[in-house]
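To start, the structure under review is shown below, and the notes come after it.
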Amino acid sequence: MTEVVVPIGPHHPALKEPVNFKVVADGETIVRLELDVSYNHRGIEKAAEQRDFVRVVPLLERVCGICSHSHTTVFVKGIEEAMKVQIPPRAQYIRTIVAELERIHSHLLWFGVAAHEIGFNTLFMWTWRDREAVQDMLEEMTGNRVNYGINEVGGVRRDLTPEQIQAALKRLPHLEDRIAKYRDMVNKEATMMIRFRGVGKLSKDDILKLGAVGPTARASGVDYDIRKDDPYIAYADVPWQVITDTHGDVYGRTLVRIGELQQSLQIVRYCLENLPAGPIKITTPRAAPRGEILSRYEAPRGELVHFIRTNNTDKVERLDIRTPTLANWTSVAVSLVHQNLADIPVIVAAIDPCLSCTSRITIVNERGKKTGEMTWDELSAHGREFYRKRGRA
Amino acid sequence: MSELLKVEQVAKAMEGLGTVDAMKPNRIRVATTPAKVKEAVQRALKDLKCDHVVQIAAVDNGKSFELIYNLTGPHHTVVSILLELPRDKPEVPTASDLLPPAGLYERQIHDLLGIVFVGHPNLKRIILNEDWPENEFPMRKDWKPNPNTFYGGVHTEEAK
C-alpha cells in the first residue's frame, strides 16, 4: 500500500498543550513520526530572567496547569540551595502533601483520559469524579484548585490548621477504596486488557537509549525516581516505595500509575499524621550568590529539571527548563513505529503528554489523489471501530 | 543501590579532557572543549556507566555560550560536561548519534540560541513558531525585538 502522511494537530481540547505530529503510515501501520511542539511557546524562560525571585514564582506556576506545584517547588528548592538556606520541616511536609495530592489528581486525570481514548467513558466519569475530591482537598488546604500559590522562596505561604488536617484525613479512606477498585478493574476488565496489553511496547534498553522518564520508564523496569535518587523536601523521611513494572506497554504504565496513586495516598497520610510543629517559612536574603544549580524533581509525568544560574542579584541569569514530556517524545516516536494508526490516541496518551492535540486531521494520499479530513474524535472512533471489527473477525 | 561516583573515578575516566571538580557530592563537573566533547560523552557512557541524559542546558553568559550536558546513571550522580563556545562561531559536533534524546534538545537549543550542532540529521525548527524570522535567537542576551519585524501571529496594521 502507499505511504500516507497523516498530520495530527495542533489543537485538541481534551489534552493540555498543542503539538503537531506528521504520522507517515503505510495502510494501517505507522512507519515514521515527526513532531512540532512550537504552538505553545510563550517565552517563559526569557520572562523569568526579567523578574525577581518573588515575581518569578507565580510565573513558573503557570508553565503547566497540572504540574503547577512541580514547577514552583523545583525552582524554589533550587534558589534555596543557591542561597544555602534550609527551610523549616513543617514547610517541607506541606510542600510534600501538596506535591503528592497533585500527583494523585494528575494520575486520576490521566487514567480518565486513557479510558476515554479506548471508549470506556464510564471509567472516565468515575476517575474524574474522584479527582474532584482531591481538588477539593487542595482547595481546602491552599485556597486554590489549579495554581495553588503555596510556594515561596523560604517556605510555604499558608499553614494547615488542625481542623484542615482532620478534614483531609477524613477524605482519604474513600480515595483509598476507589483506587483499590481501579486496581482490581484493570486486571479484569476486557476493554482495558484488549486495548492496553502489548500496545506501545518499550523494552528496558529502549527506555534507557531513548531517555524516557517517569511512569513510562518505570513501566519497563527502569527504577529511576528522583524522589529516591536525589531526595528533596520530605521524601527522605517518609516510608514509601518506587513502583516499577515489567510489562513495558500501556498496560504496564497503567499499573505503575495505579501503584503510585496508592503510594501517594500513603505519603499524604503519613505527612498529615506526622506534620512537625514550628514555623512555615524563614526570611531569605533578596539576592542569591553566584552559582549554578541543577534542580531535579519527580513531577507526575517524570523527571522535571530546572537548570538555574544565579549571579549575585535578585534575578536568575538563566533558567533552563526541561519538562518530562520533552524527554518522553523520543520514546513515543519510536514506540509508535509498526503500530496501528488506531493505537495513536492511546499510545500518545500513555506518556500522559502535556499537550493539546488535534481538532483536525488531514489525510493526504502521497500520490495527491485524495485528501480527506478527520477530527481527533473521528480518529478515536476509528480506533474503537477497528478493534470492534477485529473482535468480531 | 550503587554508590555515588567519586571525583577521582571521574577524573580518571576523563583524563586528558579537562578539569574535574565536585559541585555537590552527587554532581561532578567536567570542563572540556568543543573538540573533545564527543569523546567525553562517550567515556561517560562507557566508563562511568551513565545511561540517562538529564538535560542539555544552554547558557548565554554575555561573553560566550556554554553548553552543559548533564548525564546520570545507576550511580545517581550527575556528570556535567561543560564547554564554552565563542559567540562569532557557535558550532559543536552533535551528540545525537550517541544520545538519541539529545536530538530534540539540540534542535531546541538551535532555535533559541542559534548554536549549530554539526552533523545533526534534522536541525529544523521545533520550539519557535513557524513564522518567526530566521537568524533571530531570542534567548541571546543581546537580542532585542525589532519593532519593524513580524514575529508571528496575526498581522496588524502597525506591524505592516
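The values are calculated or read from the model by the stated rules, or taken from the named source; none is laboratory data. In this text the structure is predicted, and so the values were computed from the model without any measurement. Cβ sites come from the backbone with ideal geometry, for glycine too, and all protein chains shown count toward neighbours.
Checking each residue in region A:149-201 for being assigned to a loop (DSSP other than H, G, I, E, B), farther than 29 Å from A:Ile233 by Cα and in contact (Cβ under 8 Å) with a residue 24 or more places away in the chain picks out A:Glu189, A:Arg197, A:Gly198, A:Val199, A:Gly200, A:Lys201. Inspect region A:365-385 for any residue being under 26 Å from B:Pro138 (Cβ atoms) and either modelled with pLDDT of 60 or more or surrounded by 17 or more Cβ atoms within 10 Å (Cβ to Cβ) (or both) and give the result as yes or no. Taking every residue of region A:365-385 in turn, none turns out to be under 26 Å from B:Pro138 (Cβ atoms) and either modelled with pLDDT of 60 or more or surrounded by 17 or more Cβ atoms within 10 Å (Cβ to Cβ) (or both). Among the residues of region A:318-346, those identified as part of a strand (DSSP E or B), facing another protein chain (nearest Cβ under 8 Å) and more than 15 Å from the chain's Cα centre (by Cα) are A:Arg318, A:Asp320.
Taking strands (runs of 3 or more DSSP E) as the structural unit, those lying wholly within region B:21-87 and holding at least 2 residues that are more than 9 Å from chain A (Cβ to nearest Cβ) correspond to B:27-32, B:64-72, B:78-86. The set of residues in region A:191-235 that are of a type in the set (Lys, Arg) and either more than 24 Å from A:Thr72 (Cα to Cα) or crowded, with 24+ Cβ neighbours inside 10 Å (or both) comprises A:Arg195, A:Arg197, A:Lys201, A:Lys204, A:Lys209, A:Arg218. Can you name the number of the only condition in (1) touching a residue at least 24 places away in the same chain (Cβ under 8 Å); (2) not in a strand (DSSP E or B) that A:Arg32 fails? Only one criterion in (1) touching a residue at least 24 places away in the same chain (Cβ under 8 Å); (2) not in a strand (DSSP E or B) is unmet by A:Arg32, namely (2). Residues in region A:281-308 that are free of Cβ contacts under 8 Å to residues at least 40 places away in the same chain and in a loop (DSSP other than H, G, I, E, B): A:Ala287, A:Arg290.
Here's the yes/no breakdown for (1) in contact with a helix residue (DSSP H, G or I) (Cβ under 6 Å, 6 or more places away or on another chain); (2) under 17 Å from A:Gly198 (Cα atoms); (3) surrounded by fewer than 24 Cβ atoms within 10 Å (Cβ to Cβ):
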{"site": "A:His306", "(1), (2), (3)": "yes, no, no"}
{"site": "A:Arg309", "(1), (2), (3)": "no, no, yes"}
{"site": "A:Asn312", "(1), (2), (3)": "no, no, yes"}
{"site": "A:Glu317", "(1), (2), (3)": "no, no, yes"}
{"site": "A:Pro324", "(1), (2), (3)": "yes, no, no"}
{"site": "A:Asn328", "(1), (2), (3)": "yes, no, no"}
{"site": "A:Ala333", "(1), (2), (3)": "no, yes, yes"}
{"site": "A:Leu341", "(1), (2), (3)": "no, yes, yes"}
{"site": "A:Pro345", "(1), (2), (3)": "yes, yes, no"}
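When region B:103-118 is filtered for residues that are more than 14 Å from every other protein chain (Cβ to nearest Cβ) and surrounded by 14 or more Cβ atoms within 10 Å (Cβ to Cβ), the ones remaining, listed by number, are B:Gly114, B:Val116, B:Phe117.
Inspect all residues belonging to region B:126-139 and state whether any of them is away from chain A (no Cβ under 14 Å), surrounded by fewer than 14 Cβ atoms within 10 Å (Cβ to Cβ) and of a type in the set (Asp, Glu). Yes, that holds for at least one residue. Scanning region A:38-62 for residues that are surrounded by 14 or more Cβ atoms within 10 Å (Cβ to Cβ), more than 10 Å from every other protein chain (Cβ to nearest Cβ) and assigned to a helix (DSSP H, G or I) yields A:Ile44, A:Ala47, A:Ala48, A:Phe53, A:Val56, A:Val57, A:Pro58, A:Leu59, A:Leu60, A:Glu61. Restricting the first member to region B:5-34 and to residues that are within 16 Å of B:Leu45 (Cα to Cα), and the second to residues that are basic (Lys, Arg), the beta-carbon pairs closer than 6 Å and six or more apart or on different chains are B:Ala13/B:Arg43; B:Leu17/B:Lys36.
Can you name the residue in region A:81-128 that is of a type in the set (Lys, Arg) and more than 18 Å from A:Gly259 (Cβ to Cβ) and is also surrounded by the most Cβ atoms within 10 Å (Cβ to Cβ) among such residues? Of everything passing the filter in region A:81-128, A:Arg95 is surrounded by the most Cβ atoms within 10 Å (Cβ to Cβ).
The listed residues are A:Ile179, A:Ile165, and the only one of them that is within 25 Å of A:Val76 (Cα to Cα) and either modelled with pLDDT of 95 or more or of a type in the set (A, V, I, L, M, F, W, C) (or both) turns out to be A:Ile165.
Residue by residue, here is whether (1) out of contact with any Ser or Thr (no Cβ under 8 Å at 6 or more places or on another chain); (2) at pLDDT below 95; (3) closer than 21 Å to A:Gly200 by Cβ; (4) among the charged types (D, E, K, R) holds:
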| position | (1), (2), (3), (4) |
| --- | --- |
| A:Ala236 | yes, yes, no, no |
| A:Thr254 | yes, yes, yes, no |
| A:Ser264 | yes, no, no, no |
| A:Ala287 | no, yes, no, no |
| A:Thr313 | yes, yes, no, no |
| A:Glu317 | no, yes, no, yes |
| A:Leu326 | yes, yes, yes, no |
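Would you check if there is a residue in region A:204-214 being in a helix (DSSP H, G or I), of a type in the set (Gly, Ala, Ser) and more than 9 Å from chain B (Cβ to nearest Cβ)? The answer is yes, given that some residue of region A:204-214 is in a helix (DSSP H, G or I), of a type in the set (Gly, Ala, Ser) and more than 9 Å from chain B (Cβ to nearest Cβ).
Among the residues making up region A:63-84, a single one is under 23 Å from B:Lys24 (Cα atoms) and part of a loop (DSSP other than H, G, I, E, B): A:Lys84. For beta carbons closer than 9 Å, sequence separation of 6+ or different chains, a first residue in region A:133-145 that is on the phi > 0 side of the Ramachandran plot and a second that is surrounded by fewer than 22 Cβ atoms within 10 Å (Cβ to Cβ) and basic (Lys, Arg), the qualifying pairs are A:Gly143/A:Arg158. Being outside the structural domain of A:Ser220 (by TED's automatic domain parsing) and of a type outside the set (Phe, Trp, Tyr) is a description that does not apply to A:Thr310. Among residues of region B:100-117 that are within 14 Å of B:Asn70 (Cβ to Cβ), those with a Cβ under 8 angstrom from a residue that is modelled with pLDDT under 90 and assigned to a helix (DSSP H, G or I), sequence gap 6+ or separate chain, pair up as B:Pro101/A:Leu210; B:Pro101/A:Ala327; B:Pro101/A:Thr330; B:Tyr105/A:Leu326. When we screen B:Pro100, B:Pro121, B:Pro145 for residues that are assigned to a loop (DSSP other than H, G, I, E, B), within 14 Å of chain A (Cβ to nearest Cβ), more than 25 Å from A:Ser331 (Cβ to Cβ) and of a type outside the set (Lys, Arg), the only hit is B:Pro145. Within region A:284-310, the residues that satisfy the criterion of being touching a Lys or Arg at 6+ places or on another chain (Cβ under 9 Å) and among the basic types (Lys, Arg) are A:Arg290, A:Arg309.
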